[in-house]
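Scroll down for the structure; my scribbles are underneath it.
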Amino acid sequence: MKWIPDSLANLLLGTAMGATRQGPLQRLLQATKTPAATQRAVLREILQANATCAFGRAHSFADIANYDAYRAAVPVADYESLRSYIEDRKNESSPTLTTEPPVFYARTSGTTGDPKYIPLTKSGIRRMRMTQRLFAEAQYSGSDMYRGKIVAIASPAVEGKMADGNPFGSATGMIYQSMPRLVRRKYVLPPEVFGIADYDVKYYTIAALALGQEDISGLAASNPSTLVRLLAVMNQHLGALLVDISDGSLSVAEHLTPAQRKAVARSFVANPSRARRLEYLRLRKGRLTFADAWPDLAGVVTWTGGSCGVVLPALREALPEKTRIIEAGYAASEMRGTINIDVARNRCVPTLLDNFFEFAERAGWEKGLPHFLTLDQLTEGGEYYVFVTTREGLYRYDMNDIVRVTDYFNETPVLAFVQKGRGVTSITGEKLHEDQISQAIAEARTRGLLKTSFFVTLADEARAEYRLYLEPDGHPGSGATELAADIDRRLAELNIEYAEKRASGRLNALRAVYLAPGTGDAYTRDLLASGQRDAQLKVQPLQYLRDCSFDFDSHCVAAAEA
């Protein structure tokens, strides 16, 4: 395959994308015309397929005739209620959650607590690959991302083995590792790179492999902060990187395993002319951007919702003007919730052929008054908590995620991720949401009051106040007091309960605290040490002080008031 000219490879790739467009994509588009009937059929198929497993027998799947009966027979679940089926019985040969046995476990740390292990069957892996094919086809048809090479950052495919001998790791990493060779040749990073243990060495290696390529047309990372971090590493170590690119030898190679060194050696070749060009840009501009390194960058695939939206301006500033930011879609270790099938407008439709969805209106669920709705019963503009039944053995599973209906594709709602359900704090009954914090900060940035790619807000119940910790990008645009007053005012406008508690004096004014350079990176390291993966970091922008173990106060700096 490696001897096929790029022009022929692109032609073959176009043919493969055309086959996806004519077959699987058409089936999905047809399903969006009849979401109610499609979802009834999916639920019926899931129940019939798993009627004889332990969970199916315990909940009488064979006797369930419709959705109402299913809802009555099966309670809403979280991971802890399924942990015994997944982990305590992993040594048994009899099926537990699905009739088909699992062959892989997607591990995720969640926000807190012990790691979760989400089972995947062979059929489930095939469905994940098909979902990725559909998304790739949308990117291929709707952008020029596949014209050149792509730098995509993922997590390690395999991180260990369960007691039953099956591997666990990152499902997306596993899909990346097993991509067809025709598609794989488009990607710059060998999958072995994602397993580099040292955080700094890994990003240096990624930076070297990426910068060594001139024809990069696409970037991809789940969280935009990953790409902002990559750019910082490029500039921090640019001198050493240019020497490596010129010589074709990686200066951090001694920190890699033999397999990692071999994989990097296959991908990293001497390119003196590329190094000279980058050196010229550095001398002329002082600092590289993605636009400098790859002026023809066509697309960036990443999350844009929730707190990720705050980081997007910093990423956008580093991109060529024409680069399209493509929403990666609603996804978690438990399941792929949506597929972006219209990258020009970032319209993401639910995976309604693979999973059965239930929803509860946000306000009702948070008041303890749940009223469950099916996909066809949602309202445009509404915000809902998500509950999913998957073909992989999650039944009425509470994702603790909030999505918003932004549009309709045929008869099916288009969904956008809003925030994690746990991103809510309440000191005196104000019920502050992380998306309200994110919006207030994004608006302050637009008005020139700050530039930041990292922030965390902590609710201090003892002092009845919120503390907003920010790491400025460069010199702060305003004094901490002015910024705090602006954010505090905006939160009162966005949240009437916050306004009432502030007006009554039950809630003290928000305080803003500037952090020293590198604090965001230090916090990232702390999260990594706790078990999170750098490619899928779950940084909570709004937390209780009692739940945060990181000492932000030791990283504070005095900032001159504007």
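Kirkwood radius, the stretch 198-290, all distinct C-alpha pairs, inverse of mean reciprocal distance: 13.6 Å. Rounded to whole Å, the principal axis extents of the Cα atoms in the stretch 36-174 read 53, 40, 28, largest first. So what does log10 I(q)/I(0) come out to for the stretch 168-210 at q = 0.26, 0.27, 0.34 Å⁻¹, using the Debye formula with one equal point on every Cα and no solvent? Taken in order of the listed q values, log10 I(q)/I(0) reads -0.98, -1.01, -1.15.
Computed over the alpha-carbon atoms, the stretch 411-456 gives an Rg to Rh ratio of 1.09, Rh here being the Kirkwood radius from the mean inverse distance. Taking the protein heavy atoms of the stretch 324-409 in the context of the full set of protein chains, the accessible area attributed to carbon and sulfur is 47 percent at 1.4 Å. For the residue pairs Lys122/Lys161; Lys322/Lys451; Lys202/Lys262; Lys161/Lys420; Lys122/Lys202, the alpha carbons lie more than 19 Å apart in Lys322/Lys451; Lys161/Lys420; Lys122/Lys202.
Over the C-alpha atoms of the stretch 442-546, the Rg to Rh ratio, Rh being the Kirkwood estimate, stands at 0.99. How large is Rg over Rh for the stretch 134-200, taking Rg from the Cα atoms and Rh as the Kirkwood inverse mean of 1/r across Cα pairs? Across the stretch 134-200, the Cα-based Rg/Rh ratio is 1.05.
The protection proxy used here, the mean number of other Cβ atoms lying within 10 Å of each residue, ranks peptides 342-351, 10-19 as follows, highest first: 342-351, 10-19. Rolling a 1.4 Å probe over the protein heavy atoms leaves Ile339 with an accessible area of roughly 10 Å². Applying Stokes-Einstein at 25 °C and 0.890 mPa s to the Kirkwood radius of the stretch 266-342, computed over alpha-carbon pairs, gives a translational diffusion coefficient of 163 µm² s⁻¹.
Dividing the Cα radius of gyration of the stretch 312-362 by 2.2 N^0.38 Å, with N the residue count, gives 1.46. With the gyration tensor restricted to C-alpha atoms of the chain, the semi-axes of the equivalent ellipsoid amount to 36, 33, 22 Å, longest first.
In the context of the full set of protein chains, residues of the chain present 42 Å² of accessible surface per residue (probe radius 1.4 Å, heavy atoms only). For the chain, the antiparallel share of DSSP beta bridges with both residues in that region comes to about 70%. Rounded to the nearest 500, the 222 nm mean residue ellipticity of the chain from helices alone is -11500 deg cm²/dmol, with -39,500 (n - 2.57) taken per DSSP H run of at least 4 residues. Between the C-alpha center of the stretch 213-263 and that of the stretch 273-310 there is a gap of 13 Å.
The values are calculated or read from the model by the stated rules, or taken from the named source; none is laboratory data. Note that the structure is a prediction, hence the values are computed from the model and not measured. Please note: Cβ atoms are built from the backbone with ideal geometry, for glycine as well, and neighbour counts cover all protein chains shown. Just the protein is used for accessible areas: all its heavy atoms, side chains included, with ligands, DNA and RNA removed. Shrake-Rupley method; radii C 1.70, N 1.55, O 1.52, S 1.80 Å.
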